[in-house]
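Student: The structure follows.
Computed from the coordinates by the stated procedures, all read-outs in this text should not be read as laboratory data. Keep in mind the model is a prediction, meaning the values are calculated, not measured. Please note: Cβ atoms are built from the backbone with ideal geometry, for glycine as well, and neighbour counts cover all protein chains shown.
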Amino acid sequence: MMEKNSVTGRLESLDVLRGFDMFFIFLADPVPCIVWTFCAMFGWQDSWFGLQFEHISGNGLRFYDCIFPLFLFISGVSFPFSYAKQRERGMTAWQSSKKAIVRAVTLFFLGAMLWTVIDGTLEKNILSMEWETFRVWSVIGRIGIAWGVGALVYIWFGMKTRVGIAAAILLAMWAVSRFAVAPGAPDGINPLIDRQWSIAHWLDVNFLTTAHRPEGGLGTVTMVGNAMLGMFAGDILRGAASGVSKTLRLLAYAAILAVCGLMIAFAFGEYSLPVNKSMWSSSFALVTAAISSTLLAVFYWIVDVKGWRRWGFFFKVIGMNAITVYLLLRTVFNTPFALDYFFSGLYKVMPPLVADFFAQAGLIAIVWTLLLFLYRRKIFLRV
């Protein structure tokens, strides 16, 4: 059985899966995923497959909706390994807590330094001091907060208590999402139907965002559950069982999460809580964690158990510098500028969709080559 990379001691499947995940957010908004662009070249963008690479606007789930929670889940999987190494080096719980808090704060402020486009509106970073367009809840900022809280729970509590806390978070957020309404809401209002009266919407508009619009700030609490669910998967991988046994346990774990998530989504009639990314519902957290655990099991079995690694090198190069990819594509390689600078000529000789595809592929090639350069020299950005 082959499990850990003989040189680095890392589970290589985690790096490959992380790179696979990052590939689908390789390009910043508003450029569509390259797979969607490929489908559009042949008129398949509205097919079932093509739609998987666009976010769904309401209740439900598509492949592209799983990308963000998968990255959060993977960050959780990694923590039991890094914490075990910290303990081996003699770090106390207080020292590990300080390290986790510093990382969480760093990620939050890295997110605050980025520009992005949301619903067609350019939201600038904290340096611009344009608070009406400053995005508080960036992707990596929310990952930092959710992972940081999950890490602190992992450090200070035992397994049974951690399970209880994760369950309490998901159940509490189900109750808040289903029953809590904004001050002044009409009697008998259902916040799942009339979202403007939900407590999450009210908090976002009045307190949690500078743009005064719903961005899912309260959903960050549910994200803590995603991170903790990833940490439970990490504990499975750290166990003493065989590689095949760990794979089966991850799949069984995924099945349990899926059943719990689907029950919350469908089994309680009017009290059910649909799978919804924008509100990051408890059912969404559980179902996406189930999908993440299934992907982890598959990648772990292929890469670390069977030792079939060559195919994953492309993704591994991305996964080993995931934060670098994210920052580069939102700063130095800001997508609209980079596409215009390197590939504007393609639009003069090709149909627009074909030019889009080759321009995106070319930009991926440029950034991946830079990542390969860093990989060969063992330069990795760690936060």
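Student: For THR247, THR161, THR133, THR220, what's the fewest-to-most ordering of other Cβ within 10 Å of each Cβ?
Tutor: So the ranking, lowest neighbour count to highest, is THR161, THR133, THR220, THR247.
Student: Read through the labelled values [x] 169; [y] 145; [z] 158 and report the label of the one computed as volume of the Cα convex hull per residue in Å³ from the structure.
Tutor: [z]
Student: I need the chymotrypsin sites (Phe, Trp or Tyr not before Pro) found in the range 267-346, filtered to DSSP loop residues with at most 13 other beta carbons within 10 Å of theirs.
Tutor: PHE268, TRP308
Student: Right, another one. Using each residue's phi in the range 53-65, evaluate 6.51 cos²θ - 1.76 cosθ + 1.60 at θ = phi - 60° and report the 3J(HN,Hα) Karplus result to the nearest Hz, with x for Gly and Pro.
Tutor: 10, 10, 5, 7, 7, x, 6, x, 8, 10, 3, 5, 6
Student: Right, here's the next one. Counting helices only, and only those DSSP H runs with n ≥ 4, report the 222 nm mean residue ellipticity of the chain as the sum of -39,500 (n - 2.57) divided by its residues, in deg cm²/dmol to the nearest 500.
Tutor: So the helix-based figure for the chain works out to -19000 deg cm²/dmol.
Student: Check each of the trypsin sites (Lys or Arg not before Pro) in the range 144-198 and keep only those in coil by DSSP with at most 16 other C-beta atoms within 10 angstrom; list them in order.
Tutor: none
Student: Given a cut-off of under 8 Å on Cα pairs at least six residues apart, what relative contact order in percent is computed for the chain? Don't jump to the answer; show the numbers that get you there.
Tutor: Details: 573 pairs, mean separation 97.7, N = 383.
The normalised contact order for the chain reaches 26 percent.
Student: For the pair ILE126 and TRP44, what calculated FRET efficiency results from E = 1/(1 + (r/R0)^6), where r is the Cβ-Cβ distance and R0 = 45 Å, to the nearest 0.05?
Tutor: Efficiency for this residue pair is about 0.65.
Student: Moving on to the next point. Can you compute 3J(HN,Hα) from phi for each residue in the range 316-333, using the Karplus curve 6.51 cos²θ - 1.76 cosθ + 1.60 with θ = phi - 60°, rounded to whole Hz and x for Gly and Pro?
Tutor: Here the 3J(HN,Hα) series is 4, 4, 6, x, 6, 9, 4, 5, 4, 4, 4, 6, 4, 6, 10, 9, 4, 9 Hz.
Student: Further question on the same structure: Using the 10 angstrom Cβ neighbour count as an exposure proxy, how do HIS55, HIS201 rank, fewest first? Display every interim value, and only then the final one.
Tutor: Details: HIS55 12, HIS201 20.
If I rank by nearby Cβ atoms, fewest first, I get HIS55, HIS201.
Student: Let me ask another. Within straight cross-link reach of LYS378, meaning Cα distance under 18 Å, which aspartates and glutamates are found once same-chain residues fewer than 8 apart are removed?
Tutor: Output for LYS378: GLU12, ASP15.
Student: A further question on this structure: Which of LYS98/LYS160; LYS246/LYS316; LYS124/LYS348 have a Cα-Cα distance over 27 Å?
Tutor: On the way: LYS98/LYS160 24 Å; LYS246/LYS316 22 Å; LYS124/LYS348 31 Å.
Where the Cα-Cα span goes over 27 Å, the pairs concerned are LYS124/LYS348.
Student: Same structure again: Of TRP156, THR133, ALA40, which is farthest along the charge dipole of the chain in the positive direction, counting Lys and Arg as +1 and Asp and Glu as -1 at C-beta?
Tutor: In the chain, that residue is TRP156.
Student: 7 Å from Cα along Cα→Cβ at both ASN190 and ASP340: what's the point-to-point distance in nm?
Tutor: Result: 4.7 nm between the two label points.
Student: Please name whichever of SER242, GLY144, PHE268 sits farthest to the positive end of the charge dipole of the chain, dipole taken about the Cα centre and charges placed at Cβ: Lys and Arg +1, Asp and Glu -1.
Tutor: SER242
Student: What helices in the chain pass both tests, a Cα length along the helix axis of 18 Å or more and a mean Kyte hydropathy of 0.5 or higher, using whole DSSP H runs?
Tutor: Helix filter hits for the chain: 67-88, 93-112, 139-156, 159-179, 219-238, 243-266, 282-299, 352-376.
Student: On to the next question. Please work out the FRET efficiency for the pair MET159 and VAL244, using the Cβ-Cβ distance as r and a Förster radius of 25 Å; give the result to the nearest 0.05.
Tutor: According to the calculation, E is roughly 0.60.
Student: Just how large is the dipole of the range 152-270 about the Cα centre, in debye to the nearest 20, putting +1 at every Lys and Arg Cβ and -1 at every Asp and Glu Cβ?
Tutor: The dipole magnitude comes to about 560 debye.
Student: Suppose every K and R has +1 on its Cβ and every D and E has -1 on its Cβ; what is the size of the dipole of the range 49-152 about the Cα centre, in Debye to the nearest 20?
Tutor: 680 debye
Student: Still on this structure, please answer the following. Rank ALA359, LEU203, GLY76 by how far each Cα sits towards the positive end of the charge dipole of the chain (+1 on Lys, Arg Cβ; -1 on Asp, Glu Cβ) and give me just the farthest.
Tutor: GLY76
Student: How large is the charge dipole for the range 12-376, taken about the Cα centre, if only the Cβ atoms of Lys, Arg (+1) and Asp, Glu (-1) carry charge, to the nearest 20 debye?
Tutor: Dipole about the Cα centre, nearest 20: 1500 debye.
Student: Using amide H atoms built in the peptide plane, which far-off residues or other-chain residues are under 5 Å from SER198 H to H?
Tutor: ALA182
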